[in-house]
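The numbers here are math on the coordinates, done by the rules we state, and not lab data. Model, not experiment: these values are computed from the prediction. Every residue, glycine as well, gets a Cβ built from its backbone with ideal geometry; the counts of neighbours run over all protein chains shown.
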Amino acid sequence: MQMAAREAKQGHGKLAEELRELIDAAKERQVTPGGGAIPIARPRGELAGLLTASYPTRKLTDMVLAQPVEESLQRVLKEQRHLSKLRSHGLHPRRKLLLVGPSGTGKTMTASALAGELGIPLFVVRLDALITKFMGETAAKLRQVFDAASSTRGVYFFDEFDAIGSHRGTANDVGEIRRILNSFLLMIEQDESNSLIVAATNHPGILDDALFRRFDDVIEYHVPNPKEIQALLRMRLAPYLKSSKSIRELAAAADGLSHAEIARAMNDAIKETVMHDLDEVSPDMLGALLLSRQNVRQRSAAAPVK
Ligand SMILES: Nc1ncnc2c1ncn2[C@@H]1O[C@H](COP(=O)(O)OP(=O)(O)OP(=O)(O)O)[C@@H](O)[C@H]1O
Ligand SMILES: [Mg+2]
C-alpha cells in the first residue's frame, strides 16, 4: 500500500490503482490452513492482457527429466521451500531460471510443475505478443509485469524468450528492441521479489551473454535418451501395456524424438485402444505411429530454411 501511495504521488495513478487491486486480490485469496479450493489470482485491468494466470496441479514426478535437470529443479524447490529462513540470513534463494532446449522437451511443463509443487499461481507472459501488441510501450508493460511479481508471488513464465533476446544487434534493430532488452535486463537484475522468474527459449545461440548472466541457473533440456524414453513410455502406458520387451523395442523406434512427439504417439495409440474396446495398446500400432513421427521430423529437418 505504501508503494501504491508513492506511485500515486509521482503521478502514476494507473499503476497505483493496479497495485491496490493486486493487494485486494491477494487478500481475497488468503488460503485457510485447512485447505479447500484455492481461488485463482486473476490479473486485473491492463495486467489481464499481459499475463495468463492458472493454478497448475502438475508435479515434477509427472515428468521424465534428465538427472542434471532434475537436480537443478529440486534445488530450486528446496531453496524456495526455505525462502524465509534463507532471506533472514541475508541469502538469496534461486529464482531466476533460464530453460534452454529444443521444442517439446518440457520447458513449459517445467514452469507449470514448479508452480504446482510450490502451490503458487503460474503467470504466463507471451513476449512475442507483448512486443508486437505494445510496440513503443513494451518497456512500460514489462515494468507492470515485474511490479506484479513483487506483489503477487507466483511463477512468472516468459515464454518464447528469444523474441526479446534475439533482436539485439540484428539488422532490423531500430532501437526499440534494444531498449526493451536493456530495460528487461535492468528489471530482472533489480527484481528482489519472492516470485520465480522463468524464461524459456529454443535458440540459446542468439541470446546475449548479458542475458545469461542475469539468471541464477541456466537449465538445458535435450530430447530423451533411451533410458528416459523407456521411462516416458512406462509412465503413460503402464495401464495399457504389460510387456517390458515391447517397451524396449518401442524405445528404439522412438529414438531421436522429443518427449512431446512420443507423448502424442502414445496418446494416439491409447485413443485407438479405447475406441476399439481393447485392453492393451498394440505395440505394432504404436511402433508405426512413432515411425510416422520420425518421418515428419526428417521431412521438416530436410526442408530448406527460409
Ligand atoms: N520431460 C517431459 N516429461 C514428460 N512429458 C513431457 C516432457 N516434455 C514434454 N512432455 C510432453 O510434451 C508436451 C509439450 O511439452 P512442453 O510444452 O513442455 O515443451 P516445450 O519444451 O515448452 O516446447 P516448446 O519449445 O515448443 O515450447 C507436454 O505437455 C507433455 O505432454
Ligand atoms: Mg514451451
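A few remarks follow.
- Rounded to 10°, Cα long-axis angle of helix 176-190 versus longest principal axis of the chain: 80
- Each residue in R248, R143 was given a count of other beta-carbon atoms within 10 angstrom of its own, and listing them fewest first yields R248, R143.
- With respect to the chain, whose longest principal axis is taken over its alpha-carbon atoms, helix 283-302 is tilted by about 60°.
- Peptide ranges 2-12, 180-190 listed from the most packed, as the mean C-beta count within 10 angstrom indicates: 180-190, 2-12
- Once you reduce region 74-89 and region 222-275 to the center of their Cα atoms, the two points are 36 Å from each other.
- Computed over all pairs of different Cα atoms, the Kirkwood value for the hydrodynamic radius of the chain is 21.5 Å.
- A DSSP coil position with no more than 14 other Cβ atoms inside 10 Å describes the following trypsin sites (Lys or Arg not before Pro) in region 59-95: K59.
- Over region 226-299: Rg over Rh, Cα atoms, Kirkwood Rh: 0.93
- The angle between the Cα long axis of helix 138-151 and the longest principal axis of the Cα atoms of the chain comes to about 90 degrees, rounded to the nearest 10.
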